[in-house]
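Input: a single structure, listed below in structure tokens.
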Amino acid sequence: MTPACNFDVLVIGSGGAGLSLALRLPAQLRVAVLSKSRLEEGSTLYAQGGISAVTDPEDSFEAHIRDTLIAGAGLNRPQAVRFAIEKAPEAIRWLIDLGVPFTRHTNTHGHLGYHLTREGGHSTRRVLHAADATGRAIENTLVTKARERSNITLFEHHIAVDLITGAKLGLRENRCLGAYILNRELNQVEVFASRCVVLATGGASKVYLYTSNPDTSTGDGIAMAWRAGCRVADLEFNQFHPTCLYHPKAKSFLVTEAVRGEGGHLLLPDKTPFMHRFDERGDLAPRDIVARAIDHEMKRLGLEYVLLDISHKPAPFIKEHFPNVFARCRELGYDMTLEPIPVVPAAHYTCGGVVTDLQGCTDLPGLYAIGEVACTGMHGANRMASNSLLECLVFAASASEHIAAGVTAIPQPPVIPEWDVSRVRDSDEEVVVSHNWDELRRCMWNYVGIVRTSKRLQRAARRVELLQQEIQEYYSNFTISNDLLELRNLAQVAELIIRSAQQRKESRGLHYTLDYPEPDTSHEPTDTVLTPDMPAGGGIED
Ligand SMILES: Cc1cc2nc3c(=O)[nH]c(=O)nc-3n(C[C@H](O)[C@H](O)[C@H](O)COP(=O)(O)OP(=O)(O)OC[C@H]3O[C@@H](n4cnc5c(N)ncnc54)[C@H](O)[C@@H]3O)c2cc1C
């Protein structure tokens, strides 16, 4: 049967990574870009701070590399770090040429250039930004450009269910041949055949109860690649942002760390300060230390949240420095000029992911992974601020070059069987999905969160295994839905995170366990690499 959709390149994900790759491909290739939600929705849209690159003559590649390696705590792949950082200025130039409105600035010599900010871990100012909504400026520009391209077909509300591989079809050559896609509007699964497939599905921070990420970050790409036989690495390194607003209607609203930078204090609900007990820098300690301290106090006292107070500063100062935070808090009934606001730490970034080389190739021939879904080795054990958008852009460029050079030599995919719905029926118990969804995220938050122990990980492993059994049973018997697919993927990623965390018998970067509170210095740091039972059998070099 001829598939409904046949392309040269199928890009799953329309964030910074996916759209950049699609736009960089030659115009004669037929490209499909999928988004499981609206085209713009994804982490890229919400990135605030900016994107790092060496653009100031006083800065250097060596300094940017050094800072990134320090943050990564010995686990970065130096080759990947150098590759991304040396290609960063070209990536920025490309965005500027597309029309991204980075904030401009006239220096003391009267020269007009781009304004650079400095963020945690960077030894100098090197972060380009578009006011405090950089991701929005990038995403909107990419979407506008993609809509203008006649060779790119955009599919909103289409969620990839699973990859189609030669092995799954019983063919001799194992390569990626496309994907089964649930058209959410028609509620039917369609076959998208393609000469090659790019996973650009973002991270997996929704696996935790509290997250700064949008609903799309459910680790779908990691789970799909794993099921297709690809290795994953370093999934124990989950970055938590210390302060997300605690409110049922503000489930992913970040309160910038600059609030503490400008004099804000973290307090317990009875208004007692506590950060000085954890670090001599108090409220200005680095992000991971603050997140750990808040988590400690919340667990110790059974709290739902702690408070962040800057109300001692003059109201005009607060409104001028934090217009967005002030406005959002007001919408939700808090006046931060008069009172403290409730905050919790929140899962923010997935450092690990699908193992790739510098061209985004995975273990499965014909399958690429770029952006937050991938583990290129750039971030090591801790991502430095503003290096992630950069990684999206640079690896989108290198993967597009690799695809452009080889795709026309790849034969059209063979006949692919339709999605089989003969053995499933409509569910009469949707509540199982929502219940398991909550249980999974709460379990990950409580046992596999900011501070871990071997016992907590073991507990989590048992619960996740049970949940996976229930979810698999449900998946086999009932018609699939968006929520069920996401839950299945989240549970898969949860299992992989727990297994990775259990393997690391030390504390390093973002992985902190009370049972091994120090880094293991008895040998060179190593990545945690998990290999599926049925490996794809391709071949990228480590
Ligand atoms: C609040 C916030 C602030 C941040 N600030 C910064 C910052 O200042 N600087 C920085 O460098 N980084 C920042 N980050 C991180 C950065 O934004 C992300 O790492 C980056 O945008 C990820 O881009 P991506 O293209 O890989 O994924 P995303 O932008 O998340 O896009 C994922 C895409 O995949 C689609 N998708 C997912 N699964 C499927 C599926 N199964 N089928 C079809 N489509 C699917 C989604 O619909 C979406 O289109 C921030 C993140 C957040 C959440």
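Of the listed peptides 405-417, 473-485, what is their order by residue-averaged count of other C-beta atoms within 10 Å, with the highest listed first? Let's see the in-between values first.
Values: 405-417: 12.9, 473-485: 15.8.
Top to bottom by mean Cβ count within 10 Å: 473-485, 405-417.
Distance between the 7 Å Cα→Cβ label points at Val451 and Glu156: 4.5 nm.
Once Lys and Arg get +1 and Asp and Glu get -1 on their Cβ, which of Asn187, Leu171, His109 lies farthest toward the positive end of the dipole of the range 62-215? Selected residue: His109.
Would you work out the relative contact order for the chain, in percent, from Cα pairs under 8 angstrom that are 6 or more residues apart? It would help to have the intermediate numbers written out before the result.
Numbers: 1179 pairs, mean separation 117.9, N = 542.
Worked out over the chain, it gives 22 percent.
Panel order for Phe237, Phe155, by other beta carbons found within 10 Å of each beta carbon, from fewest to most: Phe155, Phe237.
For the range 149-196 and the range 236-266, what is the separation of their C-alpha centers, rounded to whole Å? One Cα centre to the other: 37 Å.
Stretching Gln458 away from Gln28 to a fully extended chain increases their span by 149.6 nm, per 0.36 nm per residue minus the current alpha-carbon distance. Between Leu112 and Asp215, the C-beta separation translates, for a Förster distance of 35 Å, into a calculated FRET efficiency of about 0.30.
Counted by neighbouring Cβ atoms within 10 Å, the residues Arg499, Arg330 run from fewest to most as Arg330, Arg499.
Only Lys, Arg, Asp and Glu count, each charged at its Cβ (+1, +1, -1, -1), so figure out the dipole size of the range 137-241 about its Cα centre, rounded to 20 debye.
Details: 11 positive and 11 negative charges, 78 e Å.
Computed charge dipole of the range 137-241: roughly 380 debye.
Computed from the Cβ-Cβ distance with R0 of 41 Å, the FRET efficiency linking Trp419 to Thr526 stands at 0.55.
When the dipole is taken about the Cα centre of the range 1-150, and only Lys, Arg (+1) and Asp, Glu (-1) are charged at their Cβ, what size is it in debye, to the nearest 20? Write out the running numbers ahead of the final one.
Numbers: 17 positive and 15 negative charges, 66 e Å.
Charge dipole of the range 1-150: 320 debye, to the nearest 20.
Relative contact order, percent, of the range 161-243 when contacts are C-alpha pairs under 8 Å separated by at least 6 residues?
Values: 104 pairs, mean separation 16.4, N = 83.
Relative contact order of the range 161-243: 20 percent.
Under 16 Å from the 7 Å Cα→Cβ point of Phe61, by amide nitrogen: which residues of the range 71-94? The answer is 78-93, whose backbone nitrogens lie closer than 16 Å to the label point. In this structure, the pairs whose alpha-carbon distance is over 27 Å, taken from Lys87/Lys251; Lys206/Lys505; Lys271/Lys455, are Lys87/Lys251; Lys271/Lys455. Between His276 and Thr144, the C-beta separation translates, for a Förster distance of 56 Å, into a calculated FRET efficiency of about 0.70. For the range 397-542, the gyration tensor built on C-alpha atoms gives an oblate shape. Its axis ratio a/c (a ≥ b ≥ c) is at least 1.5, and a/b is not larger than b/c.
So what is the calculated 222 nm ellipticity per residue for the chain, using -39500 (n - 2.57) for each DSSP H run with n of 4 or more, over all residues, to the nearest 500 deg cm²/dmol?
Details: 14 runs with 186 residues, N = 542.
The helix-only estimate for the chain comes to -11000 deg cm²/dmol at 222 nm.
For the range 412-456, the residues whose amide N sits under 19 Å from a probe point set 7 Å from the Cα of Asn183 along the beta carbon direction are 416-422.
When a footprinting reagent is the concern and you count Cβ atoms within 10 Å, what order do His265, His64, His435, His312 take, fewest first?
Numbers: His265 20, His64 26, His435 13, His312 10.
So the ranking, lowest neighbour count to highest, is His312, His435, His265, His64.
Only Cα pairs under 8 Å and at least 6 apart count here; give the relative contact order of the range 27-105 as a rounded whole percent.
Details: 26 pairs, mean separation 20.9, N = 79.
Computed value for the range 27-105: 26 percent relative contact order.
Once you order the gyration tensor axes a ≥ b ≥ c over the Cα atoms, which shape class does the range 459-498 get: rounded for a/c under 1.5, otherwise prolate or oblate by comparing a/b with b/c? Oblate.
Rule-based calculations on the coordinates, nothing more; no lab input. These figures come from a predicted structure and were not determined experimentally. With ideal geometry, Cβ positions are generated from the backbone for all residues, glycine too; neighbour counts draw on all protein chains shown.
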